Structure formats: C-alpha cells, structure tokens
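Undergrad: Next up is a structure, given as structure tokens.
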Amino acid sequence: MVDVAAPAGVAGPGGRPPDGPLIRLEGVAREYRVGDSRVVALAGVDLAVEAGEFVVVLGPSGSGKTTLLNMIGALDTPTVGRLVIAGRDLTSAGRGELARFRRHAVSFIFQVFNLFPGLTALENVEFGADVAGRQGARERARRMLDRVGLAERAAHFPHELSGGEQQRVAIARALASGNPVLLADEPTGELDFRTGVQILELLHDQTHTAGTAVLVVTHNREIARVADRVVEMSSGRVVRDGPNPGGPAPISALQW
Amino acid sequence: MVGRAGLWLRWSLRDLRRRWLLVGAIALLLALGTGLFTGLGSMRDWRVASNDRSFALLDVHDLRVALEEGVDAPAGALVRAAAASPVGPDISAAEERLLGPTQLAVDAPAGRVVVPARMVGVRMAGGGPAVDGVAVDGGRRPAGRAEVLVDAGFARARDLPPSSPATAGGAPVRVVGRAQSPEWFIVTEGPGGVPVPGSVAIVTAPLPTAQRLLDRPGRVNDLVLTLRPGADRDAAAAALGAHLDRAAPGLGARVSTTDDIESRRLLYRDADGDQQLYSIFAALVLAGAALAAFNLISRVVEAERREIGVGMALGLGPAGLALRPALLGLQIGVLGSALGVAAGVAVARALRGVLADQLPLPVLVTPFQPGVFVRGALIGIGAVALAAAWPVWRAVRVTPVEAIRSGARSARGGALGPWLARLRLPGGSLAQMPLRSVLRSPRRTALTAAGIAAVVAVVVALLGTLDAFRDTIGRSERETLGTAPERAVVTLSGPLPIDSPAVRGVAAAPGVAAAAPTLRIAAGARAAGSEELTLSLATAPPDGPWEPTPTSGAFGARDRGLLLSEVAAADLGVAPGEPIELAYARPAPDGGLRLTTARVAVAGTHPDPFRALAYLRPAGAAALGLGGLAGEVQVVPEPGVTAARLAETLAGREGVAAVAPASATTDALRDAIDDYTAVLLVPVGIAVVLALLIAFNTATINADERLREHATMLAVGLRPRVPAGLAMAESALVGLLGALGGVGLGWALLRFIIEVRVPDVLPEIGVRATLSPGTLLAAGLVGVVAVALAPLLTVRRLRRMDVPAALRVVE
C-alpha cells in the first residue's frame, strides 16, 4: 500500500475527492516568439481529467502534446487560458506557489530520465520523496525501488544503469512523491519493447493502487490502446478526446 | 526544502571528489590574488613599523644642536651648556659629535671611487653613542685608531666589501664595516641637490679618530639629546635655542628636532607614497583573480543548469536550488582563504627580500596583516558567492522547462542568432566551427574574454610601468650622455674661480682630452600661482663638450634665459619667453653666501626627464652674480681612458672633491627604478601564474561542456587531435579577444598609474606612459598563446574517452 500524504485541497485515497475534475484546462494556449515569427504550440485547449484516469495524449511530433504536459506540470506557463490542477488555480500563481504545486501535486517523468548523475539510484528516489515532504523518505525510496525491481541496484549511479533501469529509477522517484497527478513524457521512447511494457505496467498500476491521475504523452498508437481515454492532438489542438472504443486493452496484448 | 543534511553533504563531497582539481585550481587562483593583495597592501605598515623600530632601537635624538659652519667648541662644553639650560632636567641622554666635510677614496669592484663625504665622529667606547646609536650591518665596530665605518647605503650602492683600505681627506684609513645610524639610514645629499645613491658617503668614526682626521683635536660641533618621556619636545627646542643664543651667541647654534631629520621624513613619506602605487597593483591583481574565479565558478554552475531545472521541476525552491552551488562556493572560499594565508606569508617573504635590499634599516619587520588579508579575502569570497548565486538566479527567472532544455550545452546565440545564420565563412564545416562556437555563446565568450582581459590588463599595466621607467632612463641617458658618453664630472671642493689653479690643473691632467668648467647650484623656482620647485641649475658653456638639447624655444650662446626641463616647465606652467622667480645663494662681498631672488626668463625646454635639471649660459650666470665661478669641471677623457681611470688620476688633486661619470644621475635613476622593478616582478609573476591557471581551468571546463560534442566527433571517425585542434582554435579566438581587451584596459590603467599616481610619488621625474614591443608580446603570449595551448592538456582525456558512455550520458 502506497503511503500518500494528501496535500491540502487534494483528495487522497479514502479522502473526499475535490469538486470537479482533478485536472481542468479551459482555453489554454501557448505561443512562442522566435525572432519575427510567432509559433503557436497550443491553440485553445480544453481538457478535464479525473482522479484515477489513465489518459494517453497522442499525436505526431510538433503537435503540442509535450507543451500540454508542461502546462499541466507547471513547467511552463500558458499565454492565455485557465488551469486548475488538484484544486489549485495556477493561472496567475507566482513562482513560489508553482514550486509548491510541483512538490505536492504533480510528479513528472521525462523522456530522457533527468536523474541527478551525482546521486545513486536510491538517493535519486529519496530526493523525490524528500522534496515532496514525505516522512521516512529513505525507507519509502527503498520500497519504491523494490517495486520497480531495482532493489539490488540501489547503490549504483545513473551512468552505471541501462536506459531502462534509469527510466525505472525515474518512475520510482515520481512514485515516491505520492503526488495525485503523474505526468509521463514519452516514457518508453528510449526503451525496447519489453522494458517499455514494464514501464507501462508500473504507470497503469498507479491509477488503481493510489487513485493517481496518469497522463502519458506518446506518438505510439499501440500504447494508446491501454488508455481509459485518448486525447489526440494535431497542430496544437485537441482533435479527438474520448474513451477507447471497446475499452482499454490489457498491456499484455500490446505489440510494437 | 529538503531537510536531509546528510544527502546534501554526501552529494557535495562527491561533487568535490569529481572536480577536486578544478576546485583546487580556482582556490589557488583566489589565494594568489588574496596573498598578493595582502603582501602589497601591507608594505606601508611594514615600512612604518620597520622605521619606528629602527629609530627606536638606535635611540634617535629628540633634539639636535648644530653649531654654525666652521665653529666648534671644546669637548664637554655643549653637554654642560645643555645641562645648564631650562631643558637640563628633561635630558635623559646627551652625546657630543664632530661633523665635517671630507673626501673618501676607496676601491670598489668598478674601480677607484672618490666622493665627497661627511665625517661623523661619535663616542664609540662603552657601546656608545647613547643617542643616535650606530648599528653595524656587515663588518665590525672600529677598534683601531684609523678604523672607520661607511654608511650602509653607500657601501651597497658601490658594492663595497665589509673591509677595505681607503683614504679620508687624504689620510689612510681602513673601512671595517657598514654603519646604520638614524640620521643617515638613507643619505639625502647628492650633487647639485639631487640625491644620487653612492655619490656622497657618511664616514662614521670614533670621536678621537674624527678629531684627528678633521684636524680638530679635542673639539666638537654637534650635540644630540634625548628627553625623558612626556617632555614637550618643541617647547624644549625653543627653550634650549633661546638659552644658547643668550649664553653662547658666538656658537651660532641651531636647534632642530626629530621631525627635521631629512632621512626620517623621506622614509615615512616614501612609505606612504609608494603604498599608493602598490595598492593599485594589488587591487588590479585581486580584481583579475576575483573576476577569473567568478567566470570559472559561474561556468561550472551554469554547466549544471539542467540539474537546476530538474530540481525546479521537482519543486525545489530557490534556496534548495542554490544549496549545491553554495556548497561549491563554500569549498572554494574556505580552501582559497586557507591557501591565501599561505600565499600571503610566501609573498611577504618574497617582498621582505626586496625590502631588505631597498631599505638599509637595522630592523625589518614584515608581520602578517590580518586586517589587510580579511579585506582581500572578503573580496574574493564575495566574487565566489556571486559566481555561485548568479547562474541560479538566472535559472529561476525562466520556466523549469526552459532551464531543463537550455543547459550550458545549448547555445542559442542570443541577439547574434539571426546574424550567425546569415554568416558565410570560408572553409568547410569543421573550419567554421571555432568562430561559430565563439559567436554562438556571446555571453559566455564575453565573460571568459573578460577574465582573460583582466589578467592581461594587470600584466600590461605592471610591465608597462617598468617600460615607462626604462623609457625614462633611456630619455635621460640620450640627453645626458648624448654626443659625449664617456664624459666625467669632476666636483670641486667648493665654488672656485674659473681660472683657479685647481681648475687649470684638472684641465691639464693626463688623460683629459677636453675640459669645461661649470657651476652647479641648488635654486628654488616659482612662477605665478605655482609651488616652488627645487632646481639643480648648471652653467652650460657653448664651447663645452656637451650641450643640452632645446625642444622648444632657443638656447643661444649668449642667451641669459634658463633652459628648463619640459617637466619643470609644465609644473610651473611657463612657456619660453615667460619669467620665473629664482631663489638662490650668490657670493656675498664678505666671501660668504647670500640668499637672493631674481626674475629670469625661460629660454626654452630640454627633454631630460629629471625635473630639477636646468641650464644657464655663462652670460646668464653672470647676470645672476654667479659669473666666473666653477664648482665642477666637465671633462672628456682621451680615447682609451675610462671614467674610472680618470677618477684615479684626478683623485687627491688639490681642489678635487669627487669624480663621477656623467651617467651617475641616470645610474641613480636606474637603481631607484630597480627597487620598483623588484617589487613589481612579484605581482607580474603572480599575474602570469593566474593567467595560466585561468587557461587551464577554462580548458577543463570547456572539455566537460563539450563532452558529448567531442564524443560524437570521435564516434564519426575524427581523430582526437581534431576536437583538440578545434578547441585550441576557439580558445585562441577568445584569448585574442581577451588579449585585445586586456591591452586596451591595461593601457588605460597604465596611463592612470603614470599620469595620475606616479607624479604624486615621484614628482621629480617626468615619466611617460609607454608600452614596449616586449610587453605587447607578453600580453599576446599570456592572453593568446597560453590560452590557445591549454586545451592540449585535455588531449589525454580525449584519447581515453569512453565514447559510448559519453554519448549515453544525459548530464
């Protein structure tokens, strides 16, 4: 059983769920200026995700799916629109509040792992728990590493681990925080099929065991088959948002 | 904020283990800057402390009673007179002395030396004298009746051995040691009022020996006293003077105090004046070190910007993000401070050796100055703290995704981006890489170049100061020696008629090809609204062996005007044709000298940088009542006869007080400048080491930052020498920018030093800012070559690189 300390205003297992969806975007857009050009990465996106949902955001390269994830994870700020995540309106939040939000509300898994090279696997996971303010961070980290099957590699540094092992450490770090929203940007992009399946199983499991809302960004349609809901993006817009026809497929049925 | 201190400590120690060499090198850089700042910044305190203790050790007099020239009294009379005065009860010790002019002839390694001297006879029995004591530096105290000491400054200037035969006033004596006495720690007399080390000797002898050599048996003409603690020295001086005027008016006694001791005044004044220059050099080196440390540390932290971004993504606040860089800064700051103490001690030892040569004092103290060190260390630590905080501050000002995306390895080119895209350079992609890399990261390039520029500026300013001094010597030599480089100057025992037997005898002496009698006097010059300048005024006969070179105005054969140095004319604010007021001593009808003033027109200017040197034609001298007199004879030796041999020939002749080469003045200037050179070489050496450290650190950091790039090059089949060569080319470009900036900044600093500060410290010499080709070459070597070659230190790392692992690393 994962110990999740619910941050204020956010429901945890057994707690009262927040009013409305866990993730709500209203008319969120993001523009960049590159020299004299204007790049529209997101163009008025509306989205709502409930606690415990496994959502796959699908789209080709440049469709805005990573930008969408960055908005939800408060790694970037929208040009226009409204964001309410885990009961917090982030639209006009300051830097300090955004940092607190990232500590206690969302966990991010990057495509390129982004582990700290100077920390061991255990310490990287412990870091995640510590930042989120979890009690017994070291023990919690050990449990998470065990859960992702890397208990024997706890004392190894990132450069001593394979790509798949590094990604599992990154997942363990995200899980150790116990935050209600888990965002994964192309988590299997650097990995082989077997390892990718293992990763998906870990992420999917989180929705059931902790009621975490999981959003996975990918360009791999096969991965979208296991989602409760698929949000398809193109040119910065949501072109389709709905459940998988015929329901989510088991992970064991995936092939790519 | 992460509360697990253990995790952060472990992380920080691993960071330190990984980059201990870099941390050590940056700390050493700071240490050298701080150490030199401490050393140079302490010079004044050391010199003042050494002065204080030296004067105290030898019981410098509080009051001195000097009788009128030519007057003396029986031994004991002066002591009794002082005891009988109102000051009597306040006197703690008294010593009578006999002082008189003489001539010293001694063998030096460069040949026979004949110089005017002052004989000082003091009580040496029983460990005396008890006032204005005599310390012996090399050799021993006189024991026999014909044994004497010479002052340490003269002995050092002439390179005399501790013991050598000599003559004093023609009588044989033996020099048995070097004396240090408060009034003559430095000798301020010289020909024509210009102090020239080694041109005048102070001969200290037991009182009976001096009385015999000066032919004044049983006589004294000087008294020095110390007063009990708490006595009012100035009041005592006035009271004693008044008493002696009443009680013994025939003695013509003049009472002076400690403050009137010229050598003491100069020692303390020079300590203050020189410190102004040293402080500038110290600040320059420390600024260079601090800027370099700032640049390097900020790049190290900047290289971990992605990790800072990841920390932001995980929700760390600014304090948490700043913790690792702060720990890096703390490591460097602590290590730098500790090494700085050691560097400060080492610099003090080096400067102590220089000071020991510069200052012939019996006591030299160079204690570590913690206050100065703390000031320097705070500046260094401030730079470190800023360097560690600045990249974090930059990172938290952008969104986490920007921080993660744009690590140190990503260079967007900033405002140069669009221009860079349109830039068409010759050569293939590899050939274009160094310039593109430099332009791609304008901020980093500028910061690195600024660090190099700071150090190059220090080297240029310091070496340029030496260039300026050497140029000054060269200008003086060209003017002074000119067409008669072997010329010698024979100083007569006093102003004599031009046609006197002594003058004719010199002109007719064997080995003399040509001779011209001249007169040199000290005079004060003042123009409307200016301060008085001291001039060494000499006559320049139009038919003499040497002529000054007018650079403005004219100096005709019958001109009555003054030819001033350009420096003096500028300081007085006069141009050719304008008048100045001259104060000088002219012969009086009673045979003595009388102070008088006269208005004299400025005929023109000459280029010799010695401000005091001024010239008059015989017609001008006659107009001032100085006609027909000679105090010197300019002689040109016959071919094959050196000035040294001429000195031997002329020494001991009637009326001859001294013989010196015409280059004596420039030699004195060279000696004075050698003292500064010795001090400046210490910061120059440290600046060069700083430059090498910066080059090494920059190369190491560049190699870390380009790890993936270089791994990719090796992976596609390029040999290690290719990325190393590209790194060298890029470093050379940055180094060139830094060197150019450094030369410009260094030139500006040099002009400030030479045109603003040096005139305060050395107003008597007109120094001009100049840079020699050697200095520019040094700037190029330090700024370009050393920086360009530094990447060679990383070739080994390139050859041993684990390419797959490097390509897999995601910092």
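Undergrad: Run B:A515 past the list (1) closer than 22 Å to B:R586 by Cα; (2) at pLDDT 90 or above; (3) in a strand (DSSP E or B) and report the number of the one that doesn't hold.
TA: (1)
Undergrad: So, one more: Name every residue in segment A:135-179 that is assigned to a loop (DSSP other than H, G, I, E, B) and either more than 18 Å from A:F54 (Cβ to Cβ) or more than 14 Å from chain B (Cβ to nearest Cβ) (or both), in order of residue number.
TA: If we filter segment A:135-179 for residues that are assigned to a loop (DSSP other than H, G, I, E, B), which is where we start, we get A:135-136, A:148-150, A:154-157, A:161-162, A:178-179.
Listed by number, the residues that qualify are A:Q135, A:G136, A:V148, A:G149, A:L150, A:A154, A:A155, A:H156, A:F157, A:L161, A:S162.
Undergrad: A follow-up question, please. Checking B:A125 against (1) without any contact (Cβ under 8 Å) to a residue 40 or more places away in the chain; (2) surrounded by fewer than 20 Cβ atoms within 10 Å (Cβ to Cβ), only one condition comes out false. Which one?
TA: (1)
Undergrad: Cβ-Cβ distance below 7 Å, separation of 6 or more or different chains: which pairs start in segment B:450-474 with a residue that is at pLDDT 90 or above and end on one that is surrounded by fewer than 24 Cβ atoms within 10 Å (Cβ to Cβ) and aromatic (F, W, Y)?
TA: What qualifies is B:V460/B:W747.
Undergrad: Turning to a different aspect of this structure: Being closer than 30 Å to B:P510 by Cβ and among the small types (G, A, S) is the requirement here; does B:G628 meet it?
TA: Considered against the rule, which asks whether it is closer than 30 Å to B:P510 by Cβ and among the small types (G, A, S), B:G628 comes out as yes.
Undergrad: Return yes or no: is A:A99 free of Cβ contacts under 8 Å to residues at least 12 places away in the same chain and buried (at least 18 other Cβ atoms within 10 Å of the Cβ)? Steps first, answer last, please.
TA: Working: free of Cβ contacts under 8 Å to residues at least 12 places away in the same chain: yes; buried (at least 18 other Cβ atoms within 10 Å of the Cβ): yes.
Answer is yes for this residue.
Undergrad: Using the structure shown, decide if B:A338 is surrounded by fewer than 18 Cβ atoms within 10 Å (Cβ to Cβ) and either within 14 Å of another protein chain (Cβ to nearest Cβ) or in contact with a His (Cβ under 7 Å, 6 or more places away or on another chain) (or both).
TA: no
Undergrad: Limited to segment B:519-544, what total is found for residues that are under 11 Å from B:D571 (Cα atoms) and either of a type in the set (F, W, Y) or part of a strand (DSSP E or B) (or both)? Break it down stepwise before answering.
TA: So the first thing to find is which residues in segment B:519-544 are under 11 Å from B:D571 (Cα atoms), and the list is B:525-527, B:529-533.
If we keep only those that are either of a type in the set (F, W, Y) or part of a strand (DSSP E or B) (or both) too, we end up with B:525-526, B:533.
Summing the residues that are under 11 Å from B:D571 (Cα atoms) and either of a type in the set (F, W, Y) or part of a strand (DSSP E or B) (or both) in segment B:519-544 gives 3.
Undergrad: While we're looking at this one, here's another question. Would you mind stating whether A:V80 is at pLDDT 90 or above, surrounded by fewer than 22 Cβ atoms within 10 Å (Cβ to Cβ) and either under 20 Å from B:T399 (Cβ atoms) or touching a helix residue (DSSP H, G or I) at 6+ places or on another chain (Cβ under 8 Å) (or both)? Let's see the steps before the verdict.
TA: Working: at pLDDT 90 or above: yes; surrounded by fewer than 22 Cβ atoms within 10 Å (Cβ to Cβ): yes; either under 20 Å from B:T399 (Cβ atoms) or touching a helix residue (DSSP H, G or I) at 6+ places or on another chain (Cβ under 8 Å) (or both): yes.
The answer is yes for A:V80.
Undergrad: Go through segment B:637-676 residue by residue and tally those that are buried (at least 17 other Cβ atoms within 10 Å of the Cβ), hydroxyl-bearing (S, T, Y) and out of contact with any Phe, Trp or Tyr (no Cβ under 7 Å at 6 or more places or on another chain).
TA: 3
Undergrad: Being at the interface with another protein chain (Cβ under 8 Å from one of its Cβ atoms) and part of a helix (DSSP H, G or I) is the filter; apply it to segment A:110-134 and report the residue that is nearest to the chain's Cα centre (by Cα).
TA: For segment A:110-134, the residue satisfying everything is A:G128.
Undergrad: Here is a follow-up. Look through A:S63, A:S107 and report the one residue that is among the hydroxyl-bearing types (S, T, Y), touching a residue at least 40 places away in the same chain (Cβ under 8 Å), in a loop (DSSP other than H, G, I, E, B) and closer than 28 Å to A:A249 by Cα.
TA: Numbers: A:S107 fails: in a loop (DSSP other than H, G, I, E, B).
Being among the hydroxyl-bearing types (S, T, Y), touching a residue at least 40 places away in the same chain (Cβ under 8 Å), in a loop (DSSP other than H, G, I, E, B) and closer than 28 Å to A:A249 by Cα holds for just one of A:S63, A:S107, which is A:S63.
Undergrad: Now a separate question. Return the residue satisfying two criteria in turn: it lies in segment A:66-76 and is in a loop (DSSP other than H, G, I, E, B) and under 24 Å from A:S234 (Cβ atoms), and of such residues it is farthest from the other protein chains (Cβ to nearest Cβ). Spell out the reasoning first.
TA: Residues of segment A:66-76 in a loop (DSSP other than H, G, I, E, B): A:73-76.
Now drop any that are not under 24 Å from A:S234 (Cβ atoms), which leaves A:73, A:75-76.
Numbers: A:G73: 7, A:L75: 4, A:D76: 5 Å.
Filtering first and then ranking leaves A:G73.
Undergrad: Any residue at all in segment B:203-211 that's surrounded by 22 or more Cβ atoms within 10 Å (Cβ to Cβ), part of a loop (DSSP other than H, G, I, E, B) and over 23 Å from the mean Cα position of the chain (by Cα)? First the steps, then the outcome.
TA: Taking segment B:203-211 as the starting set, the residues that turn out to be surrounded by 22 or more Cβ atoms within 10 Å (Cβ to Cβ) are B:203-207, B:209-210.
Next, only the ones that are part of a loop (DSSP other than H, G, I, E, B) stay: none.
Scanning segment B:203-211 turns up no residue that is surrounded by 22 or more Cβ atoms within 10 Å (Cβ to Cβ), part of a loop (DSSP other than H, G, I, E, B) and over 23 Å from the mean Cα position of the chain (by Cα).
Undergrad: Would you mind finding the one in B:L267, B:L240 that is in a helix (DSSP H, G or I), touching a strand residue (DSSP E or B) at 6+ places or on another chain (Cβ under 7 Å) and of a type in the set (A, V, I, L, M)?
TA: Answer to the selection: B:L240.
Undergrad: List the pairs whose first member sits in segment B:542-560 and is surrounded by fewer than 16 Cβ atoms within 10 Å (Cβ to Cβ), whose second member is modelled with pLDDT under 90 and assigned to a loop (DSSP other than H, G, I, E, B), and whose Cβ atoms are under 8 Å apart, counting only residues at least 6 apart or on separate chains?
TA: B:T549/B:G482
Undergrad: Kindly indicate the residue of segment B:705-745 that is buried (at least 18 other Cβ atoms within 10 Å of the Cβ) and outside any helix (DSSP H, G or I) and also farthest from the chain's Cα centre (by Cα) among those meeting that condition.
TA: Per the criteria, the residue is B:P720.
Undergrad: Being farther than 30 Å from B:F368 by Cα, more than 10 Å from chain A (Cβ to nearest Cβ) and either of a type in the set (G, A, S) or in contact with a Gly (Cβ under 6 Å, 6 or more places away or on another chain) (or both) is the filter here; which residues of segment B:1-36 pass it?
TA: B:A5
Undergrad: Among the helices (runs of 4 or more DSSP H) lying completely within segment B:766-808, list those that include at least 1 residues that are of a type in the set (D, E, K, R). Spell out how you get there, then give the answer.
TA: Numbers: elements: B:773-780, B:795-799, B:803-808.
It comes to B:795-799, B:803-808.
Undergrad: Is there a residue being away from chain A (no Cβ under 14 Å) and either under 30 Å from the mean Cα position of the chain (by Cα) or of a type in the set (D, E, K, R) (or both) anywhere in segment B:78-90?
TA: Checked segment B:78-90: at least one residue is away from chain A (no Cβ under 14 Å) and either under 30 Å from the mean Cα position of the chain (by Cα) or of a type in the set (D, E, K, R) (or both).
Undergrad: What are the residues in segment A:77-98 that are away from chain B (no Cβ under 12 Å) and in contact with a Ser or Thr (Cβ under 7 Å, 6 or more places away or on another chain), if any?
TA: Answer for segment A:77-98, where residues must be away from chain B (no Cβ under 12 Å) and in contact with a Ser or Thr (Cβ under 7 Å, 6 or more places away or on another chain): A:R82, A:L83.
Undergrad: Same structure again: Only one of B:A711, B:A660, B:A715, B:A703 is closer than 30 Å to B:G170 by Cβ and touching a residue at least 60 places away in the same chain (Cβ under 8 Å). Can you tell me which? Explain how you work it out, then say what you get.
TA: Working: B:A711 fails: closer than 30 Å to B:G170 by Cβ; B:A715 fails: closer than 30 Å to B:G170 by Cβ; B:A703 fails: closer than 30 Å to B:G170 by Cβ.
Within the list B:A711, B:A660, B:A715, B:A703, the selection yields B:A660.
Undergrad: A follow-up question, please. For the subset of segment B:282-333 comprising residues that are more than 14 Å from every other protein chain (Cβ to nearest Cβ) and charged (D, E, K, R), which member is farthest from B:L681 (Cα to Cα)?
TA: B:E302
Undergrad: While we're here: Show me the strands (runs of 3 or more DSSP E) found entirely inside segment B:552-628 where at least 1 residues are touching a helix residue (DSSP H, G or I) at 6+ places or on another chain (Cβ under 7 Å) and more than 21 Å from B:A516 (Cβ to Cβ). Steps first, answer last, please.
TA: Numbers: elements: B:562-565, B:579-587, B:593-606, B:613-616.
In segment B:552-628, the matching strands (runs of 3 or more DSSP E) lie at B:579-587, B:593-606.
Undergrad: Hey, another quick one. Would you be able to tell me the number of residues in segment B:365-406 that are crowded, with 18+ Cβ neighbours inside 10 Å and in contact with a Lys or Arg (Cβ under 8 Å, 6 or more places away or on another chain)?
TA: Qualifying residue count, segment B:365-406: 7.
Undergrad: The conditions are (1) of a type in the set (S, T, Y); (2) assigned to a loop (DSSP other than H, G, I, E, B); (3) touching a helix residue (DSSP H, G or I) at 6+ places or on another chain (Cβ under 7 Å), and B:T491 fails exactly one of them. Which is it?
TA: (2)
Undergrad: Looking at segment B:311-322, can you tell me whether even one residue there is touching a Ser or Thr at 6+ places or on another chain (Cβ under 7 Å) and surrounded by 18 or more Cβ atoms within 10 Å (Cβ to Cβ)? Even if it seems obvious, please write down each step before you answer.
TA: Applying the first criterion (touching a Ser or Thr at 6+ places or on another chain (Cβ under 7 Å)) to segment B:311-322 yields none.
No; the residues of segment B:311-322 include none that is touching a Ser or Thr at 6+ places or on another chain (Cβ under 7 Å) and surrounded by 18 or more Cβ atoms within 10 Å (Cβ to Cβ).
Undergrad: Residue under question is A:F54, and the condition is that it be away from chain B (no Cβ under 12 Å), in contact (Cβ under 8 Å) with a residue 40 or more places away in the chain, under 27 Å from A:I251 (Cα atoms) and touching a helix residue (DSSP H, G or I) at 6+ places or on another chain (Cβ under 8 Å); does it hold?
TA: Working: away from chain B (no Cβ under 12 Å): yes; in contact (Cβ under 8 Å) with a residue 40 or more places away in the chain: yes; under 27 Å from A:I251 (Cα atoms): yes; touching a helix residue (DSSP H, G or I) at 6+ places or on another chain (Cβ under 8 Å): yes.
In short, yes.
The values are calculated or read from the model by the stated rules, or taken from the named source; none is laboratory data. All values derive from a computational prediction rather than experimental measurement. FYI the Cβ positions are ideal-geometry reconstructions off the backbone, even for glycines, and counts take in every protein chain you see.
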